[in-house]
């Protein structure tokens, strides 16, 4: 399966600021996704990152808060904007490995103070 | 949208016993059902999956069953070992590769 990396691995940020998380894959993939995992909780899909077009957001997530870029088939970024303590979570990217399977990056642990 | 429910939330078994985790889904359009294992501080790892045209799939000590009519699927782990201790998540996926996850089951295997 593809090797997926994320940067940063963790960060502590002040409320009101923004953080951009990078996801890099070692091979071209069609589908990339961003998930949020709040402390002790399950994974929630934020959006599908589409190459060459705007991301597709799930209910409850908006582009102004979570802008996403997908400049090519191996890279995507997620920005968490105007952060509040409620944004403290692990943010994970995933890639579709074949027809159905998805594989996750190592995650970015974000703490907002 | 899809709603996936997972039970139990915690499960404690003795080493060597079997463990069963159950999930139900609401959207009949869901056609792919993966299971992930997440150890503390690590990323979710795909351990087994099943597509909607299959009723059962087995991989060594792990098996998954699917009942499309009832919209439920289950993970079975036999001969549990302490290294099986982790949080397990089920998910339901659609034709757009979007996954909706269950709430997770914390499995504790006691030596």
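The values are calculated or read from the model by the stated rules, or taken from the named source; none is laboratory data. Everything quoted here is computed from the prediction, not taken from an experiment. Methodologically, a virtual Cβ is constructed for each residue, glycine included, from the backbone with ideal geometry; neighbour enumeration extends over all protein chains shown.
The single condition among (1) more than 22 Å from residue B:47 (Cα to Cα); (2) modelled with pLDDT under 95; (3) part of a loop (DSSP other than H, G, I, E, B) that residue A:29 does not satisfy is (1). A single member of B:10, B:24, B:65 is buried (at least 17 other Cβ atoms within 10 Å of the Cβ) and under 22 Å from residue B:84 (Cβ atoms), and it is B:65.
How about segment B:14-31: which of its residues are within 12 Å of chain A (Cβ to nearest Cβ) and at pLDDT 95 or above? B:23, the sole residue that qualifies. The criterion of being free of Cβ contacts under 8 Å to residues at least 60 places away in the same chain, surrounded by fewer than 19 Cβ atoms within 10 Å (Cβ to Cβ) and within 14 Å of chain A (Cβ to nearest Cβ) holds for residue B:53. Note on segment A:82-108: residues that are more than 8 Å from every other protein chain (Cβ to nearest Cβ), surrounded by fewer than 20 Cβ atoms within 10 Å (Cβ to Cβ) and in contact (Cβ under 8 Å) with a residue 60 or more places away in the chain amount to 4.
Condition test on residue A:55, is it without any contact (Cβ under 8 Å) to a residue 60 or more places away in the chain and either crowded, with 17+ Cβ neighbours inside 10 Å or under 12 Å from the mean Cα position of the chain (by Cα) (or both)? Answer is yes for this residue. For residue A:70, are the conditions met, namely being within 12 Å of chain B (Cβ to nearest Cβ), outside any loop (DSSP other than H, G, I, E, B) and either in contact with a strand residue (DSSP E or B) (Cβ under 7 Å, 6 or more places away or on another chain) or at positive phi (or both)? So residue A:70 does not fit the description; no. Among the residues that make up segment A:72-81, is at least one of them within 27 Å of residue B:4 (Cα to Cα) and in contact (Cβ under 8 Å) with a residue 40 or more places away in the chain? Looking for residues that are within 27 Å of residue B:4 (Cα to Cα) and in contact (Cβ under 8 Å) with a residue 40 or more places away in the chain, one finds at least one in segment A:72-81, hence yes.
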